[in-house]
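Have a look at the structure below, then the notes.
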Amino acid sequence: MSASSPARLPWLSRLFDVRPHEAPAVAAGLAMFFLLFTGYFMLRPVRETMGVAGGVDNLQWLFTGTFLATLAILPAFGWVASKVPRRTIVPWVYGFVVVILLGFAASLGLRPVDVWAGRAFYIWVSVLNLLMISLAWSVLADVFASAEARRLFALIAGGASAGGLTGPLLSTLLVQPLGHGGLLLVSAGFMTGSAVAALWLHRWRDRHPHAPGEREDAAGPAARQRPLGGNPFAGATEVFRSPYLAGIALFVVLLATVTTFLYFEQARLVDALFPDRARQTQVFGLIDTVVQALAIVTQVFLTGRIAQRLGVGVLLVAVPLVMAAGFLWLALAPVFAVFVVVMVARRAGEYAFVRPGREMLYTVVPAEQKYKAKNFIDTAVYRGGDALSGWVKRALDVLGEHPSLAMVIGAGVALVWAGTGFALGRSQRRREGG
C-alpha cells in the first residue's frame, strides 16, 4: 500500500486534503500566521482609537502620512532583501518591528493621551502591518508550489483568522488592566514567535525538496540560503515591466479604494456613537471578533475546495460583487447596523477568499518577484491607493454633503475590481499551465 493511500492517511489529512509529509509545514504555517495576527490584532483596536482621537476629519492626512512613510521605508526593506538570505528576511524585519514596538509601549505608558504620539503610532502600525503580513505570505509562496498552494493556503490562512479572533479578545480583556502600552508589550512577544515559525518553514522545505520541474526556481536549499541580490528599487521596476504584476497592482488599488471608503464611514459612525476611548477600542475589537469567526470557518472548510474545483478567479471575483451590492445598500440606508453587516462581509470575505486567492497569484512568479515586487505592491501600491481614495472620499463628503454619493461611486469601483480579478484568474491559470 502506498504512503498516500487513504487507509494510511490520518483523519486530518483526509478532512483537509493534507499529505502526511505536509502536516508539520501546515502546523508551522498556522503558527506563523496565528502568532503574527494575534500580535497585530492586539494593536489594531489601539490604532483605530488613536486615529479617531486625532480627529475623524484628519484621517486623510494620516493616510497620506502612511503612504509617505511607506515610500521612505521600502528602500530599506529592498536593501535588506538584497543583502540577507531569503530565509532570514523575516527575522530581520520582524526584529526591527519589535524594537520600535517596545519604544512605543514606553511612550504610551508615559504619555497615554499624547495626540502626536498617537498619530505616529497610527502611521507606524499602518506601514509595518502590511509589510509583515506580506512577508509572511512571501514565505508561503516561496516554500509551496502552485498545486500545493491551492490545497493548503486557505487552511494555513485559518491561522491568521484564529489570531485575528484571539487578538481583539485579548485587547478587549486586557486594555483596562494593562493599558495601551501593556498591550504593545504582549504583541511584541507574539510577533517574535511568528518569526521563529517562518524560519522553521524554510527548514521543512529543505528536508522535503520540490519534485523536478515543479517550479521555476527549484534550486533547493542553496537558493534560500543566498541573498536575492539586485538593487533596493527592483520591486518597483519589476511591477512596471510585467503586465501580470501590473494587473495585481491594479487589483490592490481597487481593493484599497473599497476598503478606504468603508473605513472612513466606520470612523465617522463610531466617533458619533461611542465618544469614550476605551469603549471605541471594545467596539473595534468586537467587530474584529465577528469577522474572524466567520472567516476561519470559511477558510478551513470552503476556500481550498473552491480554489481546486473552480479556480483562483472565483476567489478574486466573489467578494467584489458582494461589495457592489453592499455599497448600494449603504447608499439607501446609511446607518450603523447596515454598515456593520457590509463591513463584516467585506473583511471576512477578504480574509477567506480575496487574500488567499491574491497570494496564489504569486506562486507562478520567480523568487525576486515573490519578495520584492510583491512587497512593493502590498505596501507602496496599497498605501498609495489608500491615500488617493482617502482624499477622494473626503472631497465627496464635503462637496456632496451626503455619504451616499461615495457609496454609489464605491459600487462602481467594486465592479471594476471584480473584472480585474476575473482577468487575473485567467492569467494565473495560463501561467500555471505553461
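General observations
- Filtered by the rule that a residue be at pLDDT below 75 and touching a Lys or Arg at 6+ places or on another chain (Cβ under 8 Å), segment 82-130 gives a lone residue, A117.
- Listing of helices (runs of 4 or more DSSP H) fully contained in segment 248-335 that carry 3 or more residues being closer than 20 Å to A414 by Cβ and open to solvent by less than 70 Å² (accessible area, probe 1.4 Å): 277-298, 312-332
- Failed criterion for P209 (all others in (1) surrounded by fewer than 19 Cβ atoms within 10 Å (Cβ to Cβ); (2) assigned to a helix (DSSP H, G or I) hold): (2)
- Residue check for L36: of a type in the set (A, V, I, L, M), part of a helix (DSSP H, G or I) and at pLDDT below 60: no
- When segment 134-167 is limited to residues that are in contact with a Leu (Cβ under 7 Å, 6 or more places away or on another chain) and part of a helix (DSSP H, G or I), the one that is farthest from L35 (Cα to Cα) turns out to be V143.
- Test: A318 is in contact (Cβ under 8 Å) with a residue 24 or more places away in the chain and of a type outside the set (F, W, Y): yes
The values are calculated or read from the model by the stated rules, or taken from the named source; none is laboratory data. Note that the structure is predicted; figures quoted are calculated from it, not measured. Cβ coordinates were reconstructed from backbone atoms using ideal geometry, including for glycine residues, and neighbour counts include every protein chain displayed. Heads up: the accessible areas ignore ligands, DNA and RNA and are worked out on the full protein's heavy atoms, side chains in. Shrake-Rupley method; radii C 1.70, N 1.55, O 1.52, S 1.80 Å.
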